[in-house]
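What follows is a set of notes on a single structure, which appears directly below.
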Amino acid sequence: MFKVIERLLGDKIATEKISLTGSERFRGKINGSCPENLREECAKVCPVGAFKVTADAQGYAVDYKKCLFCGKCVEKAMGNLQHSSDEALPVITEDAAEVTAEVIKQKLGRSLHVRHLDAGSCNACDFEMGAMSNPIYDLHRYGVHVDASPRHADLLMVTGVVTRNLEQALKMSYEAMPEPRLVMACGACAAGGETYGASYAIVGAADKVVPVDIYIPGCPPRPSAMIAGLLAAADMLAERM
Ligand code: SF4
Ligand code: SF4
């Protein structure tokens with residue numbers, strides 16, 4: 001707290017480097033070996049079916065698109081599983097995030113334009129998204145611009161599980177975007193679709209309605225994970241142009 005005040009009074013820039021590693025208390029990827037007699041129990045307590053028992057040497061697999069990082073399986077494994085402090089981003093590493101930042105400048109040659117659509121979120125993902133633009137995360141340093149219309153967007157960023165009310169809006173937003181277009185499912189609701197279970201009001205994950213190119217795990221994901229995903233998107237877009 002004092003450091004922040006000192007920085008404000010000293011009129012210094014508070015922007016951080018984007019890091020995919022959280023604090024010691026951060027719940028990231030699940031590591032460790034789970035004893036055979038506890039695996040079924042771990043799968044049973046998982047509220048979204050992300051923890052599955054497998055026949056390979058590890059004996060379990062976690063679907064990070066669905067995982068809420070709630071810690072219930074870790075608790076059930078009685079010290080045999082641990083959350084690491086690494087962000088669960090299966091396709092993106094911290095190095096790659098820095099490299100893709102260079103790619104934006106070198107290949108894309110312009111800003112990445114993003115349209116956000118809340119398809120039925122609890123709003124926590126949207127709050128974290130808002131934090132990307134604050135001076136700490138400073139999204140604008142990477143040349144990423146949030147647009148008011150899908151007609152000007154390269155990427156559609158979807159938060160929330162797709163509800164029946166928003167299904168049509170999601171389809172129409174996607175169809176209104178110019179080619180080449182990308183879709184990013186941000187958070188366990190949009191990426192995994194299991195957070196609120198099955199109901200008459202819910203369609204499910206975003207990829208049930210539109211093709212998804214990038215999944216950002218977390219409930220909600222941290223702003224740095226979202227930014228890393230956007231940088232990877234810029235890389236993918238440059239290759240498609
Ligand atoms: S941490 Fe993830 S895999 Fe484990 S119980 Fe929670 S949602 Fe399931
Ligand atoms: S992923 Fe979690 S934080 Fe994001 S909208 Fe769903 S419930 Fe809310």
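Things to note:
- Qualifying residue in segment 121-130 (condition: loosely packed, with under 14 Cβ neighbours inside 10 Å, at pLDDT 95 or above and part of a helix (DSSP H, G or I)): yes
- Members of segment 76-86 found to be under 12 Å from residue 39 (Cα atoms) and within 12 Å of ligand 1 (Cβ to nearest atom), listed by number: 76, 77, 81
- Qualifying residue in segment 61-76 (condition: open to solvent by less than 70 Å² (accessible area, probe 1.4 Å), in contact (Cβ under 8 Å) with a residue 40 or more places away in the chain and farther than 30 Å from residue 132 by Cβ): no
- Flag if residue 148 is aliphatic (A, V, I, L, M), more than 18 Å from the chain's Cα centre (by Cα) and more than 17 Å from residue 195 (Cβ to Cβ): yes
- Scanning segment 6-32 for residues that are at pLDDT 70 or above and surrounded by fewer than 10 Cβ atoms within 10 Å (Cβ to Cβ) returns 17, 23, 24, 25.
- Where residue 92 falls short, out of the listed (1) at pLDDT 90 or above; (2) away from ligand 2 (no atom under 16 Å from the Cβ); (3) open to solvent by less than 30 Å² (accessible area, probe 1.4 Å): (1)
- Checking each residue in segment 46-60 for being open to solvent by 40 Å² or more (accessible area, probe 1.4 Å) and farther than 14 Å from residue 194 by Cα picks out 52, 53, 54, 55, 56, 57, 58.
The values are calculated or read from the model by the stated rules, or taken from the named source; none is laboratory data. Remember, it's a predicted structure, so these values are computed and weren't measured experimentally. Positions of Cβ are backbone-derived with ideal geometry, glycine not excepted, and every protein chain shown enters the neighbour counts. Remember, those area values only see protein heavy atoms, side chains included, never the ligands or the DNA or RNA. Shrake-Rupley method; radii C 1.70, N 1.55, O 1.52, S 1.80 Å.
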